[in-house]
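Report on the following structure.
Derivation of every value follows stated rules applied to the coordinates shown; laboratory data play no part. Computed from a prediction, not measured in an experiment: that's the story for all the values here. Heads up, the Cβs are rebuilt from the backbone with ideal geometry, glycines too, and the neighbour counts pull from every protein chain shown.
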Amino acid sequence: MSPEGKIEKFRMNDCQHLDFKIDIHESFTFSMNSTAQPLGGACATVELVGSIAMMSKVIVSYQARIAQLKATTAVAAYDPLEPLHPVQGKAVVLALGTSRYIVFSNGPSNTLGHIHAIVSVNDKIIKYDSHITHQPYYVYSVTCMKHGETKFTLTLTTNPLIPNCKGIQVESSIDINCAYPSHMTLVTERDANCPAKNTETTYSRFFGLVKMKVILSDHIGRNFDNATSLQFNWNVDRREIAYFEENSIVHLDEEEHEGYVLPLDHYKYINMKNVSGTVVVSGRVIGYRKDVLDKLNIKSTVQSKDRTSELASLLEASNVINVVNQTIVEPQTISVVNHPNNIIPLLILNGSGHYEFDIKPKSVATFEYEKPRLFIIPQLEGQGILSVRDLCAPGAPATAIINVLKVALLKVEIPDKVLLRDTFSATVRLLDGNDRTLPFSSVDDSELEVPVTFGNSDILKVESWDFSSRNKGIIHFKLRAASLGETTVAFKYLEISSQILNVQVFQAIKIEPPVLTLTVGAEVQVDVIGGPHPDPGIQFSVSESQSISVAPNGVVRGLQQGRSTLTAMAVGPHDQVYSKDSIEVRVVPLTGVRITGPISRLGVGNTMPLWASGIPNQLTPFILGSVTPSLIFKWSVSPSNVAQLKDVLQDADVEVRNEDRLSMRLVGLKSGHAQVLLSVTGRNQDRSVFVHNSSLDIEVFDHLQWTKPWPGSLPLIVAPECEFQVETNKLLESSVHLSAITIPDSDQIGFTLEPILEVNALGVATTRSKLGNAIIMARLVDKLHSPIVMNVAVKEVRYIMVNVINVLDSKNVIHSLPQGLVLKLNVTYHDQYGSIFYATPSSLRVESNLFDKIHESEKVNNLIGLNLERSGSISMRVRDKGGVTLEDFVKLPVENHITPNKFYLSLDEIICFSVITGGKEGTWSSEKNAVIVDRRGMAYASKLGTSTVSYTRHSPLSSISTSATFEVLPVSSILLKNLNNLPLNNKVVGGKYSIHVQLLNEKQHLGQFLPCKYCESCDDASVLSIQPPFRCELQYTTTESYMPLDSLFAVEAIFDKSLGSYACEINTLAGPL
């Protein structure tokens, strides 16, 4: 304050020591330097340092005694100006006539004042152009006009924004060298990890363009940024491998930025000709390109003044390139089973031989590399991509797809039936869960194991195997059928087992008989043995000849004279032929007949078989009995008191018809000579009648036997090599001694030492192979009683004879055996005179011309049981399969004995079923209820449809099980028949008349009413009670008035059980008036 009391302001010259408070952004730091000199008219100075480029408000305050003093301003920090391209410290090196962009960055912003950019450079060496001259970049292009070095300096200045403050001035520089190159290096692209990086040899793909980097540097080793004005001489030593399209220039890669581009590397393309090999690429700098210099008005004399120009003749470089094929992976797609032992190899081919492998994702598989194979080891189901990168030959990596799959199964394709000694194939496939084929993985065939397991190793043998298709998931095995039988087959791979398959090895089929001769009309069913089982479908065929026909069941019929080939094939479900066989069938004319008998001398009381045989000899009784229509056989014998003829079925109560008398039995009655006559009638192929006659002379004689003092018994006849039992009434008391003595022949003296028969203490006698006579002696041990003897003759069997045991005991005359009968046969063995053997070895076989009609149900010693399953005329042959041919022939007429023998019934019809040979014995039943039948055979057609009616009877000598199928049809008409043959009248009160009613269907014809022939089943004991399905009425036939009929007659619908038919029964109520 002045003396006058006025307040006056005075500027302080120094206030640096005062306690100023500074408020500023945290990115700035400040200090009050006491030694700092104030700027301008200030009394204190605050030093600020900014850590980042930004602007901040600054508040400076001071608390005086009377008031707080405060002032505010703004401050800004900026990044320093510096080179960006090239970076700080790196010089720009250019060839004469070339240019590049240089870029500076940062510096003060326009918020700090208007910026002035000033460039300082030697304009004789460098020509420059400005492109961007404001924040954040300052971009210039520089072009070398003359050899030499200079600095390119950029200075930025600003005017001060506040009075008494200084402006900003910053600068930055870049060294520029305009020079001729002193060094040159050629480098092809190569991975940093290439093991060959320290050698002069580089690798390249053999196709397309190969990019080679050209490195040019000045005398102190700085690389040129742009040397495209230089002229080169490019060469290759092997033009068949590579060539240059432009052999005098070099190219420069550039990188584009916003508003400028930057140089990268110099390069040169080499064209490859798809030929592998080693090629030397060389380049030499021979000067500048005149066209470039002329464009910039640069005189070429400048070059001679450069101190490095004398080195131009030395500036050259070369590079050795190993041109290789592109790396490939084989195969490019693999599928591998997920198993640690399942290692699959891949071939890595071509390339430099230096690779980097990778599988993504890595969890799918791992790998091991042993040149040239990469082994894939599966780890987890899924798909992975294998990448093979060539470290030394740049290019796209080779790839392969790896599918690691879970195996579902081993699928085996093998025939289930094979022919003995055949060699056949088995195919094993490896499949995943989607039935896709997987490869069998292994390094080579020797390491691949697919073991085969047989249930029976003797039946099948492994001959060889073929692994050539294992990469396709297929392995072929060759197996051989070594022996007959069935076995199982299974294959295994790693821990995977195939399904267990059954294989049957079967014998080749064979047609029996192997030779067949027929006559016209003869029918023989051939048998096919061998082949797989259960029986395959047997298909028959005949050659083009028309002499025979064959049915699907193998029945061959002679049609006309000639020769044909019959072929049988065992065919599987898919028409595969398992096996086949062929025989020749001859059809010959029947030129005559002859009576065949096994012996010519017959003992009294003995029986021998006689058969009708054909001429030629191949027409055996077996063939003659099969001719259809049947031949007529008429037999006779004379004198009838010496021998007697019997039918084979005579003891079974069957009256055999002439067409069934193929064979007969001749019984010797007394000593003498007898002649048997046979006349056979038939029809030729042209339907004309033929008659063939034959005769046979037989001598009937008495056996030698004792007559005084009492009749003696004949010896016991047995065959060689057999056993039989002898007993006495005291054998069980163990006091009887048995022995055998051989009787010598008439020319020997005494008893022979070589026994033909032996007997043990248990009474088992055994004959040897020698024929002769012997005595079995039994004596008591106490020797108080005389011994007893049994004469035994060991003889050769001369013939066998079939004897029917059945006794049908029919009350009716029958000419055939009933279908369903169990025919019981006893086969007897006879000597040369017809005497029956007591004991003989037996090996019997039954053959028939139609074997599907009969079935062998039992065979015990000499007893045979045959089921007569189907109707027909059956020619049968029984033979002993021993060393000597022993056979007998019988023709069996078989018919269905169920009556009535109609197969169509009318709805609501009542039927009285019976069996001609059955009487009231046996039980009836039916399948389905179209026909209802009671146990006694009374049946009712209850509804439309089909039903099988069966009859069963069990008895020791005549067991029958037969059936017939009937179809029930609607009633189409009704047939009425007056069986009284008298007009209706009322003369007698209580008189009865019957008008029988027959229900007819469309399958029946109107005709004479046939009452039931065997009606035992419809007696009063029948349980069926059926009401007739109709009603009966009486009407006058004239219009004249008479007494009402209902007062004269009563009429009722009934079922007449005595005749087995419906009827209208009329009863007379009133007589005449």
Largest to smallest principal axis extent of the C-alpha atoms in segment 36-157, angstrom: 75, 24, 24
Placed amide H near LEU619: partners under 5 Å, 5+ positions off or other chain: GLY614
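Run the numbers on segment 82-178 and let me know its relative contact order in percent, using alpha-carbon pairs under 8 Å that are six or more apart. Could the numbers behind the result be given before it?
Details: 228 pairs, mean separation 33.8, N = 97.
Relative contact order here is 35 percent.
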DSSP-defined beta bridges in segment 588-699 - what % are antiparallel, rounded to 5: 95 percent
Under-5 Å amide H pairs with SER335, H placed in peptide plane, nonlocal only: ASN403
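Given +1 on the Cβ of Lys and Arg, -1 on the Cβ of Asp and Glu, and no further charges, what dipole in debye does the chain carry about its Cα centre, rounded to the nearest 20?
760 debye
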FRET efficiency, THR946 to SER363 (Cβ-Cβ, R0 51 Å, nearest 0.05): 0.15
Trypsin sites (Lys or Arg not before Pro) within segment 618-672, DSSP loop, no more than 15 other Cβ atoms inside 10 Å: ARG657, LYS670
Furthest towards positive pole of dipole, LEU315, LEU868, THR591, structure part the chain, Cβ charges: LEU315
Student exercise, segment 328-405 dipole from Lys, Arg, Asp, Glu Cβ charges, in Debye to nearest 20: 40 debye
Given charges at Cβ of Lys, Arg, Asp, Glu: the chain dipole, positive-most of ILE132, ILE743, HIS85: ILE132
³J(HN,Hα) computed for each position of segment 823-829 - Karplus, 6.51 cos²θ - 1.76 cosθ + 1.60, integer Hz, glycine/proline x: 7, 9, 10, 10, 9, 9, 10
Cβ-based net charge around ILE800, under 12 Å, with every Lys or Arg adding one and every Asp or Glu removing one: +1
Table column - 3J(HN,Hα) (Hz), segment 381-390, Karplus curve with 6.51, -1.76, 1.60, x for Gly and Pro: 4, x, 10, x, 10, 8, 10, 10, 9, 7
Reduced Cα scattering model of the chain, Debye log10 I(q)/I(0), q = 0.10 Å⁻¹: -1.27
Estimated FRET transfer efficiency (THR728, SER843; beta-carbon r; R0 25 Å; 0.05): 0.20
Other-chain or far-sequence residues with amide H under 5 Å of ASP1056's (modelled H): SER1061, TYR1062, ALA1063
Unit charges at the beta carbon, dipole of segment 1028-1073: most positive-side option, ALA1050, GLY1071, GLN1035: ALA1050
Separation of alpha-carbon centers, segment 326-400 and segment 653-703, rounded to whole Å: 95 Å
Per-residue ³J(HN,Hα) for segment 424-439, Karplus 6.51 cos²θ - 1.76 cosθ + 1.60, θ = phi - 60°, Hz, x for Gly and Pro: 9, 9, 10, 10, 10, 10, 9, 10, 8, x, 9, 6, 8, 6, 10, x
Counting all C-alpha pairs of segment 328-405, share separated by more than 17 Å (%): 37 percent
FRET efficiency, 1/(1 + (r/R0)^6) with R0 45 Å, evaluated for THR681 and MET777 via beta carbons: 0.20
For segment 409-506, fraction of C-alpha pairs farther apart than 20 Å, in %: 34 percent
Cross-link table LYS902/LYS943; LYS811/LYS1003; LYS824/LYS928; LYS472/LYS492; LYS127/LYS295; LYS406/LYS461, entries beyond 23 Å C-alpha to C-alpha: LYS811/LYS1003; LYS824/LYS928; LYS406/LYS461
Reachable lysines, given that their alpha-carbon falls under 29 Å from the alpha-carbon of LYS992 and they are not under 8 places away in the same chain: LYS977, LYS1013, LYS1057
Rh by Kirkwood over Cα pairs, then Stokes-Einstein D for segment 21-76 at 0.692 mPa s and 37 °C, µm²/s: 263 µm²/s
